[in-house]
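See below for the structure under consideration.
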Amino acid sequence: MHTLSSINSYAGKTAVVIGGGVIGASWAALFLVNGLKVIISDPDPEIESKAEALITAALPALKALGYKATDVEANLSFEKDNAKAVVKADIVQECAPEKVEFKQALWKTIEAAAPKHALLFSSSSTIPASAQFTQMVDQSRLLIGHPFNPPHLMPLVEVVPTPKTDPEITAKALAFYRGVGKIALEIRKEIPGFVANRLQAAIFQESVFLVAEGVVSLDQLDDVVTSSLGIRWATSGPFLSFHLGGGPGGLSHFIEHLGPPMELAWKHLGKASFDDATKALLAKQLATTYGTSSFYALSEVRDDKEVAVINGLAQVQSPA
């Protein structure tokens with residue numbers, strides 16, 4: 001459950017966020033309300049205004065979750081040079097472009113400049129740490145700390161070590177993320193896309209297929225999810241849902257009686273691609289639905305709803 005840590009042992013220490021876009025700024029906002037000093041390193045000449053706008057937009061949701069947004073401006077700074085930015089880092093949270101060669105060179109630079117005690121995390125959603133650390137001297141230091149978007153709000157962080165990751169560093173990573181209020185889970189094995197994004201990709205493929213086939217519109221599909229599966233999975237998850245769906249007999253009973261039609265449904269799942277026709281269809285539907293509102297307006301509503309869900313779940317006692 002998403003809870004605030006009463007004592008954050010990293011308060012007052014320095015987190016360097018590499019890349020100040022949507023993900024990086026969201027991480028920065030979370031770190032700032034946890035009392036960390038944050039340095040954002042990004043070559044964009046307009047990064048200060050862009051990142052500050054995103055951080056400001058994130059603060060109401062963080063306050064609603066119980067954080068106190070004190071000294072946010074005083075604890076935020078910017079440094080375009082990555083090597084200079086990490087000199088005094090205690091944590092490095094990389095949010096750079098998803099290009100493996102870029103990340104390989106980036107970690108070489110960071111490792112050479114950062115203190116030996118600094119925790120080195122990549123936010124990558126697709127590239128495992130073992131593909132990123134090839135130019136590092138001490139490859140045991142790097143692991144994945146993959147958030148679910150937006151990091152300042154969504155509880156999950158997938159902590160994905162490599163076979164070379166020092167177990168002590170994995171333990172420190174889990175402790176750090178839990179200390180800033182996240183649900184940090186260690187993923188036992190490296191796999192492309194990790195876990196949450198693999199599930200998301202599978203569901204989104206079928207979603208695009210259904211819209212492309214004209215079964216539902218883009219916004220109708222979202223309503224289907226938020227009015228059914230979204231509520232179910234926010235409270236139970238796929239396995240517990242079907243365990244309960246099996247009645248007193250549980251998951252075994254469910255699989256015995258509903259497994260065959262489920263397997264048949266798997267055979268009929270659609271294949272989708274982002275060809276020109278599909279992209280044009282999605283853009284046309286988007287223009288008359290979500291496209292009529294700004295990014296910040298949509299984000300504010302999303303944040304309010306997700307805070308309500310998170311805070312609501314926090315009030316429900318889970319069985320031991």
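The values are calculated or read from the model by the stated rules, or taken from the named source; none is laboratory data. Quantities reported herein were computed from a predicted structural model and do not represent experimental measurements. Here Cβ is always computed from backbone atoms with ideal geometry, including for glycine, and neighbour counts include all displayed protein chains.
If we keep just the residues of the stretch 226-246 that are under 25 Å from the mean Cα position of the chain (by Cα) and in contact (Cβ under 8 Å) with a residue 12 or more places away in the chain, which is nearest to Ser318 (Cα to Cα)?
Thr235
Hey, could you check the stretch 7-27 for residues that are of a type in the set (Gly, Ala, Ser) and not in a loop (DSSP other than H, G, I, E, B) and say which is farthest from Pro45 (Cα to Cα)?
In the first step, residues of the stretch 7-27 are kept if they are of a type in the set (Gly, Ala, Ser); the result is 9, 11-12, 15, 19-21, 24-26.
Keeping just the survivors that are not in a loop (DSSP other than H, G, I, E, B) gives 15, 24-26.
Values: Ala15: 21, Gly24: 16, Ala25: 15, Ser26: 19 Å.
Top of the filtered list is Ala15.
Residue-wise test of (1) in contact with a Gly (Cβ under 8 Å, 6 or more places away or on another chain); (2) among the polar types (S, T, N, Q); (3) outside the structural domain of Phe31 (by TED's automatic domain parsing); (4) surrounded by 14 or more Cβ atoms within 10 Å (Cβ to Cβ).
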| residue | (1), (2), (3), (4) |
| --- | --- |
| Thr165 | no, yes, no, yes |
| Glu168 | no, no, no, no |
| Lys172 | no, no, no, yes |
| Arg178 | no, no, no, yes |
| Ile191 | no, no, yes, no |
| Ala202 | no, no, yes, no |
| Ser207 | no, yes, yes, yes |
| Leu210 | yes, no, yes, yes |
| Val215 | no, no, yes, no |
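Which pairs do you get when a residue that is assigned by TED's automatic domain parsing to the domain that holds Leu30 and touching a residue at least 12 places away in the same chain (Cβ under 8 Å), found in the stretch 54-80, comes within reach of a residue that is part of a loop (DSSP other than H, G, I, E, B) and surrounded by fewer than 15 Cβ atoms within 10 Å (Cβ to Cβ), reach meaning Cβ atoms under 7 angstrom, with the pair 6+ apart or on two chains?
From residues that are assigned by TED's automatic domain parsing to the domain that holds Leu30 and touching a residue at least 12 places away in the same chain (Cβ under 8 Å), the pairs are Lys80/Pro43.
Across the stretch 99-115, what is the total count of residues that are acidic (Asp, Glu) and surrounded by fewer than 13 Cβ atoms within 10 Å (Cβ to Cβ)?
Summing the residues that are acidic (Asp, Glu) and surrounded by fewer than 13 Cβ atoms within 10 Å (Cβ to Cβ) in the stretch 99-115 gives 1.
Can we say Ile39 is surrounded by fewer than 22 Cβ atoms within 10 Å (Cβ to Cβ), farther than 21 Å from Glu300 by Cα and either in the same structural domain as Pro147 (by TED's automatic domain parsing) or at pLDDT below 95 (or both)? It would help to see each step written out before you state the result.
Values: surrounded by fewer than 22 Cβ atoms within 10 Å (Cβ to Cβ): no; farther than 21 Å from Glu300 by Cα: yes; either in the same structural domain as Pro147 (by TED's automatic domain parsing) or at pLDDT below 95 (or both): yes.
It is false that Ile39 is surrounded by fewer than 22 Cβ atoms within 10 Å (Cβ to Cβ), farther than 21 Å from Glu300 by Cα and either in the same structural domain as Pro147 (by TED's automatic domain parsing) or at pLDDT below 95 (or both).
Specify which of the listed residues (Ala74, Ala85, Ala57, Ala64) is of a type in the set (Gly, Ala, Ser) and buried (at least 21 other Cβ atoms within 10 Å of the Cβ).
So the residue among Ala74, Ala85, Ala57, Ala64 that is of a type in the set (Gly, Ala, Ser) and buried (at least 21 other Cβ atoms within 10 Å of the Cβ) is Ala85.
Identify all residues within the stretch 84-143 that are without any contact (Cβ under 8 Å) to a residue 12 or more places away in the chain and more than 22 Å from Tyr177 (Cα to Cα); write none if there are none. Full working, then the answer.
Of the residues in the stretch 84-143, the ones without any contact (Cβ under 8 Å) to a residue 12 or more places away in the chain are 99, 101-102, 116.
Lys99, Glu101, Phe102 - these are the residues of the stretch 84-143 that are without any contact (Cβ under 8 Å) to a residue 12 or more places away in the chain and more than 22 Å from Tyr177 (Cα to Cα).
So which of Leu244, Leu264 is surrounded by 11 or more Cβ atoms within 10 Å (Cβ to Cβ) and of a type in the set (A, V, I, L, M)?
Leu244
Every residue in the stretch 42-54 that is surrounded by fewer than 22 Cβ atoms within 10 Å (Cβ to Cβ) and outside any helix (DSSP H, G or I), please.
The answer is Pro43, Asp44, Pro45, Glu46.
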